[in-house]
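This report refers to the structure that appears directly beneath it.
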Amino acid sequence: MKIFLGSDHAGYELKSYLITELKKLGYTLIDKGPGSPDSVDYPDFAHPVAEEVESNSGSLGLLICGSGNGISMSANKHQGIRSAIAWNEKVAALARQHNDANILSLPARFVEKEQALSIVRAYLEAEFEGGRHQRRVSKISI
């Protein structure tokens, strides 16, 4: 499974940490930027990640900004994207299990590094349950 990552400047440090840790766990990661902690605009990184997830079946995305909101909102402008913000493991797992989220968004200013890794692992290890949830997910796109 490919995981595409992107952040803004507020999420840069956490993204770098997660890349290091997730590589140790054997995940295939593609960093879409930024390449430094210099100030940037989150849509400039949310859109490339969303485009990659849309065009690479079975792939997932990980986006990080200060609150998790702006970068997730930008990604959700893409028709095939269901980006969910998570601040704990249960919310992250439910995003996959019930909402078939294909991008996880993290609030870098509100989670510690180790907690963020645990949140991402809960998301990546969960699977969409289908069933009654599929009916609801099918109604998301208009």
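The values are calculated or read from the model by the stated rules, or taken from the named source; none is laboratory data. These numbers come from a predicted model, not from an experiment. Every residue, glycine among them, receives a Cβ derived from its backbone with ideal geometry; neighbour counts consider all protein chains shown.
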Response to the item:
Those residues of the range 82-101 that are surrounded by fewer than 22 Cβ atoms within 10 Å (Cβ to Cβ) and either under 14 Å from F4 (Cβ atoms) or aromatic (F, W, Y) (or both) come to a total of 1
Fill in: Filter result for the condition that a residue is within 23 Å of N99 (Cβ to Cβ) and exposed (fewer than 15 other Cβ atoms within 10 Å of the Cβ), over S55, S39, S67
S55
Item to complete: Test V40 against the criterion of being at pLDDT 95 or above, aliphatic (A, V, I, L, M) and under 12 Å from the mean Cα position of the chain (by Cα), and give yes or no.
Response: no
Worksheet item: R109 fails exactly one of the following numbered conditions: (1) surrounded by fewer than 16 Cβ atoms within 10 Å (Cβ to Cβ); (2) touching a residue at least 40 places away in the same chain (Cβ under 8 Å); (3) of a type in the set (D, E, K, R); (4) part of a helix (DSSP H, G or I). What is the number of that condition?
Response: (4)
Worksheet item: So which residues in the range 122-142 are part of a helix (DSSP H, G or I) and either buried (at least 17 other Cβ atoms within 10 Å of the Cβ) or over 18 Å from the mean Cα position of the chain (by Cα) (or both)?
Response: A122, Y123, L124, R132, H133, Q134, R135, R136, S138
Item to complete: Assess whether I119 counts as being among the aliphatic types (A, V, I, L, M), in a loop (DSSP other than H, G, I, E, B) and either more than 18 Å from S16 (Cα to Cα) or in contact (Cβ under 8 Å) with a residue 24 or more places away in the chain (or both).
Response: no
